[in-house]
Amino acid sequence: MKQLTGLDASFLYLETPNAPMHISGLSIYDQSTAPGGKVRFKDIIENTNNRLMSMPVMTQKLVTVPMNLDHPYWVTDGAFDPEFHIRHIALPKPGDWRQLCIVISRLHARPLDRAHPLWELYIIEGLDNVKGVPKGSFAMFSKTHHAAIDGTSGMELTAATHDLSPDYQRAHTAATVSVDSQPSALEMVIRSQYNSIRKPFHLLSVARNTVPGLAKVVAGLSKGQLSRIKDIPRTRFNDSVSPHRVFDAINVPLDDVKKIKNSVPGATVNDAAITIVGGALRKYLQAHDELPEQSLAAMAPVNVRSDKDKTGGNIVASMTVQVRSDVEDPLQRLQAVHESSSKAKELTNAIGAKTMTDYSQFIPATLTAQAARLASRWGLMNRMSPQFNCVITNVPGPPIPLYNTGAKMVANYGTGPVQDGLGLFHVISSYCGQFVISATSCRVIMPDPAFYRECLQASFDELLAAANAASSPAPAKKRKARTPARKTKARKARSAA
């Protein structure tokens, strides 16, 4: 039995009927590489069961403290049934990319059942008309609650179920699970009272560690060495969300993204990704006649997980970055994004990213859950000044091929949760030389996700063209051919002598 941290629990408190708080991943596989050229559904169940059941997130369910006096607990479920969590479906005809996006949107919109461990896995067949995907391929769409994992720990789960070669070997022994004793209501109430006594002392310790960072921030802001983003504009992405989701993505060569970032000294691949998103938002809002004069801003999660943190859950902070949607020229926008992200990192480092997660331990369980429900019911997010316009999270993947039950992964995408006031979520991922930007929103806020995908692609194409033009040497000016000088009379006389 393990208690959720304040940050993990916050994703439960923020969940509303219109805003389930799970994160999802979509992977597409070519089963022709598997032994015998085919993967059976029972092979996937067996592989998942044997490789993941030893990980607590897969077998633990939530137990709530009476009256929400404290954060909930994870307790290993003795009635765990993998076939409840792993499901088999097929795309409707014509089985193309649009149909896949529609199915993913509908699956992502459904909340997870809190009576069971908070994850689901869908095996999707019928992808024969998805462009760029080999015939006979299938997809795996995984959903896990954000209270249980973040992007980094999610990648660790992916690594656990995959091999580096197609030589799939079935496990001879099934995984075993140690079942926890179920805590009584009285036991949890006593624990909550004990924690309430300890928290003030812990808070003093965290506050003491925060003082040096705050001093740096105050000094940096007063001297102009640090800056914070002001006047973030309100856009359609800051409205209330509906229960319906939309999803789309672009897939481009990673080498091209690196070429883009190399066009500005010091810029990173992440800067290039933010710049692509900034250009797409500019094009999208311009088309809807809604582009504000000020730049939109994104919340960018920051991984503060150390090598010792192997317990799953969320170990992240965040920073605010301007996407510079106010800059038309693509390379000037990249330069501006690089400067904005550098300043955001300086501010986050001055405060201490880990400190932000430490303060999450003191989130009051009852008040936070009630506040989230009331804010959703009363539409408070529509009246408050926005702190961000969207989320951009970067989850780098492996540069080498991965195989699941012998089937080669050919593409990988991500989806994230949207909520009132924050209705657009981007997942930046890379895999085997590919670079993917996935976008998740709600149908009311973004009724035209395919058009937003076109905006992302156009923004990338524009940046790549500008980077290629900047790196190409200017054509040399043609020199006029020199004509032989005419001999003067004096020179003629000397030459004759």
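The values are calculated or read from the model by the stated rules, or taken from the named source; none is laboratory data. In this text, all values refer to a predicted model and were calculated from it rather than measured experimentally. All Cβ positions, even for glycine, are placed from backbone atoms using ideal geometry, and neighbour counts span all protein chains on display.
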Report task. Please enumerate the residues belonging to segment 112-152 that are surrounded by fewer than 21 Cβ atoms within 10 Å (Cβ to Cβ), under 21 Å from MET58 (Cβ atoms) and among the small types (Gly, Ala, Ser). Result -> ALA115
Query raised in the report: Since LEU26 meets every condition but one in (1) of a type outside the set (S, T, N, Q); (2) at pLDDT below 95; (3) in contact with a helix residue (DSSP H, G or I) (Cβ under 7 Å, 6 or more places away or on another chain), which condition does it not meet?
Result: (2)
Query raised in the report: For segment 125-133, does any single residue satisfy the condition of being within 24 Å of SER318 (Cα to Cα) and of a type outside the set (S, T, N, Q)?
Result: no
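May I ask you to list the residues in segment 38-68 that are farther than 30 Å from LYS135 by Cβ and touching a Lys or Arg at 6+ places or on another chain (Cβ under 9 Å)? Working first, answer last.
Applying the first criterion (farther than 30 Å from LYS135 by Cβ) to segment 38-68 yields 53-68.
Passing the criteria: PRO56, GLN60, LYS61, LEU62, THR64, VAL65.
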Query raised in the report: Hey, among LEU127, LEU100, which residue is at pLDDT 95 or above, part of a loop (DSSP other than H, G, I, E, B) and in the same structural domain as ALA19 (by TED's automatic domain parsing)?
Result: LEU127
Query raised in the report: Could you list, in sequence order, the residues of segment 38-69 that are farther than 18 Å from SER153 by Cα and not in a helix (DSSP H, G or I)?
Result: LYS38, VAL39, ARG40, LEU62, VAL63, THR64, VAL65, LEU69
Query raised in the report: Looking only at strands (runs of 3 or more DSSP E) that fall completely inside segment 219-323, which ones have 3 or more residues that are more than 30 Å from GLU15 (Cβ to Cβ) and at pLDDT 95 or above?
Result: 245-253
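Among the residues of segment 8-37, how many are in a helix (DSSP H, G or I) and either over 16 Å from VAL57 (Cα atoms) or in contact with a Lys or Arg (Cβ under 6 Å, 6 or more places away or on another chain) (or both)?
Of the residues in segment 8-37, the ones in a helix (DSSP H, G or I) are 8-13, 31-33, 35-37.
Add one more test, that the residue is either over 16 Å from VAL57 (Cα atoms) or in contact with a Lys or Arg (Cβ under 6 Å, 6 or more places away or on another chain) (or both), and what stays is 10, 13, 31-33, 35-37.
The number of residues fulfilling the criteria is 8.
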Query raised in the report: Of (1) surrounded by fewer than 16 Cβ atoms within 10 Å (Cβ to Cβ); (2) out of contact with any Phe, Trp or Tyr (no Cβ under 8 Å at 6 or more places or on another chain); (3) hydrophobic (A, V, I, L, M, F, W, C), MET55 satisfies all except one. Which?
Result: (1)
**Report entry** Breaking point among (1) at pLDDT 80 or above; (2) surrounded by 14 or more Cβ atoms within 10 Å (Cβ to Cβ); (3) more than 32 Å from the chain's Cα centre (by Cα); (4) not hydroxyl-bearing (Ser, Thr, Tyr), for LEU157
**Finding:** (3)
Requested in this report: Using the structure shown, decide if ILE45 is in contact with a helix residue (DSSP H, G or I) (Cβ under 9 Å, 6 or more places away or on another chain) and in contact (Cβ under 8 Å) with a residue 60 or more places away in the chain.
Outcome: no
